[in-house]
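Here's the structure, in structure tokens; my notes come after.
The values are calculated or read from the model by the stated rules, or taken from the named source; none is laboratory data. Everything quoted here is computed from the prediction, not taken from an experiment. All Cβ positions, even for glycine, are placed from backbone atoms using ideal geometry, and neighbour counts span all protein chains on display.
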Amino acid sequence: MGRNERAARILDATAELVLRWGSKRVTIEEVAKRAGIGKGTVYLHFESRAWLFMCVLMRESLELMDQLAGEIERNPAALLPDEQARLTFLEVQRRPLLLAMFSRDGELLGEMAQDPAVGPLRGIKGELADDMFGVLREHGLLRTDLDVETIRYLVGAIQTGFYLYPPVPGSIGDDPERAASALAHAIRSAVQPPGEPEPAALAAALPGVLAGYQRMRAALARAVAGRPPGEAGAGRAPGLVSAGVTVDTTTRGAS
């Protein structure tokens with residue numbers, strides 16, 4: 001069994017156990033048993049339990065990123081923050097692990113977000129979002145009366161609120177499609193200029209946005225393969241970021 005196959009097997013086992021029991025009950029011994037390998041082999045791929053759990057989430061994020069990039073290639077208007085937020089929201093509802101991360105589910109994720117091993121992931125989310133917002137703003141696809149830092153704060157705060165706000169049965173929040181549309185409307189109103197975007201501006205921004213996706217994907221895939229950020233040659237490993245759309249995923253109440 002090759003290194004990549006073993007890493008994937010470990011991640012599969014971890015994801016299954018976390019969904020079944022919650023991260024607090026999942027030990028490296030249980031992961032190794034489920035994956036059919038020795039405990040020491042797990043540590044050869046992932047330096048800590050917290051980093052292993054984070055890599056499970058990053059693999060989910062990698063799949064989400066591929067879906068978003070594919071949508072952008074099919075429809076350049078999907079590179080705008082409102083549409084990115086809408087698509088992300090809908091896809092996250094179908095991914096229990098990402099939904100737990102976005103909604104700060106301490107029962108499922110436990111102490112994962114508190115371990116120092118995952119600290120670099122939080123620090124670089126803003127840097128990556130700024131890069132993407134800079135491309136969009138340069139081509140007139142974001143408001144120019146707001147600086148990039150303010151735009152990032154607005155988008156992050158709005159999107160985080162939609163994941164944390166408890167839905168009332170029968171309300172908009174209880175319908176993912178309607179909630180996603182409301183989220184897109186809120187972000188569009190806050191940070192995008194009025195009116196429809198110019199096709200020429202979308203076409204001009206497209207290469208820069210896709211290049212950002214490629215950089216993020218390469219770093220994320222490397223990290224999932226067992227190279228945490230900060231290790232020589234590992235590059236920048238992003239957190240839960242889509243094209244300029246970030247969510248504060250710090251888990252509240254984690255022990």
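A residue that is more than 20 Å from Y213 (Cα to Cα), in a helix (DSSP H, G or I), of a type in the set (G, A, S) and modelled with pLDDT of 95 or more cannot be found anywhere in the stretch 100-113.
Of all the listed residues (E63, E73), the sole one being in contact (Cβ under 8 Å) with a residue 60 or more places away in the chain, under 24 Å from R215 (Cβ atoms) and surrounded by fewer than 18 Cβ atoms within 10 Å (Cβ to Cβ) is E73. Of all residues in the stretch 34-53, those satisfying the criterion of being outside any helix (DSSP H, G or I), surrounded by fewer than 16 Cβ atoms within 10 Å (Cβ to Cβ) and modelled with pLDDT of 90 or more are G36, G38.
One residue alone among Y213, Y163 is of a type in the set (F, W, Y), surrounded by 13 or more Cβ atoms within 10 Å (Cβ to Cβ) and modelled with pLDDT of 90 or more, and that residue is Y163. Just one residue in the set L141, L146, L154 is modelled with pLDDT of 90 or more, in the same structural domain as A85 (by TED's automatic domain parsing) and buried (at least 20 other Cβ atoms within 10 Å of the Cβ); that residue is L141. Scanning the stretch 20-37 for residues that are among the small types (G, A, S) and farther than 11 Å from R6 by Cα yields G22, S23. No other residue among R227, R188 is of a type outside the set (A, V, I, L, M) and modelled with pLDDT under 95 apart from R227. Looking only at the stretch 2-33, residues that are within 24 Å of the chain's Cα centre (by Cα) and part of a loop (DSSP other than H, G, I, E, B) come to 2 in all. Looking at the structure I just gave you, is A117 in contact with a strand residue (DSSP E or B) (Cβ under 6 Å, 6 or more places away or on another chain), in a helix (DSSP H, G or I) and at pLDDT below 80? When the stated conditions are applied, A117 does not pass them.
Kindly provide the set of residues from the stretch 162-182 that are farther than 21 Å from E83 by Cβ and not in a loop (DSSP other than H, G, I, E, B), ordered by number.
Those that are farther than 21 Å from E83 by Cβ and not in a loop (DSSP other than H, G, I, E, B): L164, D174.
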